[in-house]
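Only one structure is covered here, and it is reproduced in the block below.
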Amino acid sequence: MSDPEFDYLWDPRAKPAEAIRVLEQQLRGYSAQARDLSGKAPTPAQAVAVRSRRRWPWLAAAAAVLLMVLAPVYRWSWPAQAAWPLVLTTAQHTETRQLAPGQTLSLRNNQHARLQIARIGRLELAPGSRLELLETASGRHRVELKQGQMHARVWAPPGYFGVQGGGALILDLGCEFELSVSPDDIGRLQVSSGWVAFERAGRETLVPAGYALDFNGSHNSTPVRAHASDALRAALAALDQALQLRGDPPGARSTDLDALAAAVAEHAANDDLHSLLSLLTRYPVLAQTALYPRLANALGTAADDSQHRRDWARGEVAAINRWWQLLPRPPKAWWRHWQDAF
């Protein structure tokens, strides 16, 4: 005996069940009639149109990938010793020139200058500044700020752009910063985006966005946050002075260092964690002071790891790097700062 719901499966004249009707409706576009399987060959024009429609998304995707690969390569490449474009401006006049390696640009008190740093960024000089282009080539661009004030904005891998000034080397790590230097090598570095490495005598101090450091011909201060309290600034200055007098780095702790470090720990906010991290990195012996638990608290990590603390005080690189990796945006990760290019 037949079931009326399934009679349609072998008798097309029968009324199909509702589920079968819905399924046929969904599959109608894939039927032989819909696809025209008659065997007729398409005309040449039809065949070209079909191939073009199928090909263009792949061609567009390939072009986009190629552009993504070649654009940075072009931007970071530069002919060795090629001059940089330069625009000089005063209130009454604008002049376009070039600055070649070995040349020094000396601005009058009424002149501003804007230079293209090859293809990786731009550099602006304040009136009265003096700057020499030392060398330029793919992957390496160096200038010396002899005096005055400059503002640089760069998007490139770490170390592509560097500035000599005040007896130090300021290396860009993909960022924006301002640098000022006086004729007697007293200056200030202030970072507004990314990171900068301040190098002197083989030692490196990392300065992140929102921080600044002061320097002279032989010493640099601890980086301090732009909105740090006056109490913290005074405590850092006193500790920096004591460390400078004791030698760099100090050979051992002392009562005065303990007290000065305790003052810094007391006045530091969690947002000042890079000042604390910089101090402990440059002077590992300070891990034996109140700075270590204060930094642990700012980083949100354990302060009672005695082995880690001893390793840090001995200057063990692995112990120090472990806490650097806890930063939200670690240094030398220039690819994370792609927005700095805009």
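The values are calculated or read from the model by the stated rules, or taken from the named source; none is laboratory data. Predicted model only: the values in this text are computed from it and were never measured. Please note: Cβ atoms are built from the backbone with ideal geometry, for glycine as well, and neighbour counts cover all protein chains shown. The protein model used for the area step is the full one, side chains on, heavy atoms only, and it has no ligands, DNA or RNA in it. Shrake-Rupley method; radii C 1.70, N 1.55, O 1.52, S 1.80 Å.
Inclusion of residue 213 among residues that are under 24 Å from the mean Cα position of the chain (by Cα), modelled with pLDDT of 95 or more and of a type in the set (A, V, I, L, M, F, W, C) is warranted. Filter segment 299-332 down to residues that are open to solvent by less than 20 Å² (accessible area, probe 1.4 Å) and under 21 Å from residue 264 (Cα atoms) and give me whichever is nearest to the chain's Cα centre (by Cα). That would be 327.
Output the number of the condition that residue 129 fails; it satisfies all remaining conditions of (1) open to solvent by 20 Å² or more (accessible area, probe 1.4 Å); (2) in contact with a Gly (Cβ under 7 Å, 6 or more places away or on another chain); (3) hydroxyl-bearing (Ser, Thr, Tyr). Among (1) open to solvent by 20 Å² or more (accessible area, probe 1.4 Å); (2) in contact with a Gly (Cβ under 7 Å, 6 or more places away or on another chain); (3) hydroxyl-bearing (Ser, Thr, Tyr), the lone unmet condition for residue 129 is (1).
Each row is one residue, and each column tells you yes or no for (1) touching a Lys or Arg at 6+ places or on another chain (Cβ under 9 Å); (2) at pLDDT below 95; (3) of a type outside the set (A, V, I, L, M).
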residue	(1), (2), (3)
132	yes, no, yes
137	no, no, no
152	yes, no, no
156	yes, yes, no
174	yes, yes, yes
181	yes, no, no
184	no, yes, yes
190	no, no, yes
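Residue 155 fails exactly one of the following numbered conditions: (1) touching a Leu at 6+ places or on another chain (Cβ under 6 Å); (2) of a type in the set (A, V, I, L, M, F, W, C); (3) closer than 27 Å to residue 103 by Cβ; (4) open to solvent by 20 Å² or more (accessible area, probe 1.4 Å). What is the number of that condition? All conditions pass for residue 155, except number (1).
So that you can scan it fast, the table gives a plain yes or no per residue for (1) in a loop (DSSP other than H, G, I, E, B); (2) of a type in the set (D, E, K, R); (3) closer than 27 Å to residue 212 by Cα:
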{"site": "74", "(1), (2), (3)": "no, no, no"}
{"site": "87", "(1), (2), (3)": "no, no, no"}
{"site": "105", "(1), (2), (3)": "no, no, yes"}
{"site": "116", "(1), (2), (3)": "no, no, yes"}
{"site": "119", "(1), (2), (3)": "yes, yes, yes"}
{"site": "128", "(1), (2), (3)": "yes, no, yes"}
{"site": "132", "(1), (2), (3)": "no, yes, yes"}
{"site": "157", "(1), (2), (3)": "yes, no, yes"}
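If you go through segment 226-246 one residue at a time, do you hit one that is farther than 20 Å from residue 312 by Cβ, touching a residue at least 40 places away in the same chain (Cβ under 8 Å) and touching a strand residue (DSSP E or B) at 6+ places or on another chain (Cβ under 6 Å)? Among the residues of segment 226-246, not one is farther than 20 Å from residue 312 by Cβ, touching a residue at least 40 places away in the same chain (Cβ under 8 Å) and touching a strand residue (DSSP E or B) at 6+ places or on another chain (Cβ under 6 Å), which makes the answer no. Taking the criterion of being of a type in the set (A, V, I, L, M, F, W, C) and either open to solvent by 40 Å² or more (accessible area, probe 1.4 Å) or at pLDDT below 90 (or both), the residues of segment 244-261 that qualify are 245, 252, 259, 260. Would you call residue 176 within 15 Å of residue 152 (Cα to Cα) and in contact with a helix residue (DSSP H, G or I) (Cβ under 9 Å, 6 or more places away or on another chain)? Taking the combined requirement at face value, the residue satisfies it.
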